[in-house]
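Contents: one structure, followed by commentary.
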Amino acid sequence: MDFKHRGRTFTDQDILRINEIIAAHPARSRRALSKIVCEEFDWRQQNGQIRDMVCRGAMLALHRDGRIALPPQKMRPKNNVILHRTAQTALVDQMPIVVSLSDLGAIELHQVRKTADERLVDGLIEAHHYLGYTRPVGEQIKYLFIAQGRPIGCAAWSSAPRHLSPRDRFIGWSMEARRKNVRLLAYNTRFLILPWVRVPHLASHLLGRMARDLPREWERLFGHGLLYLETFTDPSRFKGTCYRAANWIFLGKTKGRGNNARTHEQRLPIKEILGYPLTPRFREQLGNIG
């Protein structure tokens with residue numbers, strides 16, 4: 001029986017080959033085995049890099065399902081949340097900024113993925129975002145916002161969920177087109193204006209700036225651009241005003257089941273789904289399977 005993980009189907013023959021690879025390399029770690037499997041199946045990102053983390057997740061899912069037998073885990077990495085609670089967060093100037101957007105002055109957007117400032121962004125999110133910091137999976141980008149020589153906020157973007165009913169109906173793509181083109185969507189996982197920064201219209205302004213910058217940065221880092229952005233908001237906490245002011249579109253609500261849910265019961269808070277097409281022809285382009 002075939003096995004599906006994050007849009008990829010593993011046939012019985014694929015699973016047999018993975019078991020053969022594990023048997024042929026009994027001393028290799030799980031990480032090393034996932035790299036060998038990526039090379040064997042030519043499982044790569046658009047920029048040519050192997051999809052190592054996603055492959056590891058698929059192999060772990062196959063292991064838990066009893067389809068393969070991974071070697072014992074040799075080491076447990078330190079908790080990423082603790083690692084990202086860095087001293088840099090405590091050094092941020094928390095003097096209140098209460099001005100108009102025009103009086104704030106120039107705002108710099110720094111894309112900090114794989115730079116020295118990435119841990120600062122992670123630490124700010126952990127300390128000041130109600131959801132805290134969790135390490136994203138797949139393609140991801142992070143921004144640090146600077147004004148008056150100080151951090152005023154940050155944001156994180158990652159690969160979009162593969163299936164989201166209100167969004168999929170809005171785009172109108174087929175299942176085949178979704179599987180092929182979901183990589184052209186980015187998901188805003190975190191958006192933070194630091195609590196001591198009170199500048200009317202700042203959040204919607206930054207959303208507009210990121211919408212213009214993201215496709216270029218995504219192309220530079222991952223070898224392909226973007227056609228559509230999306231996010232979730234918690235209506236019990238927020239009205240999503242800044243997204244609506246930046247012309248994001250309300251599409252519906254989640255069912256509260258989470259990814260890979262095995263039951264139809266609500267386990268998580270219901271979230272509102274908002275989307276932002278980056279081009280007028282997004283439906284045509286996302287629906288293309290040629």
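The values are calculated or read from the model by the stated rules, or taken from the named source; none is laboratory data. Quick caveat: nothing in here was measured; it's all calculated off a predicted structure. Neighbour counts run over all protein chains shown; Cβ positions are idealised from the backbone, glycine included.
A few remarks follow.
- Of the numbered criteria (1) in a helix (DSSP H, G or I); (2) over 16 Å from SER158 (Cβ atoms), the one PHE250 fails is (1).
- Test for GLN73: is it more than 18 Å from ARG162 (Cα to Cα) and assigned to a helix (DSSP H, G or I): no
- Yes/no for ALA24 being of a type in the set (A, V, I, L, M, F, W, C), exposed (fewer than 14 other Cβ atoms within 10 Å of the Cβ) and outside the structural domain of VAL182 (by TED's automatic domain parsing): yes
- Of the helices (runs of 4 or more DSSP H) lying entirely inside the range 145-239, those containing at least 1 residues that are β-branched (Val, Ile, Thr), in contact (Cβ under 8 Å) with a residue 24 or more places away in the chain and surrounded by 16 or more Cβ atoms within 10 Å (Cβ to Cβ) span 165-171.
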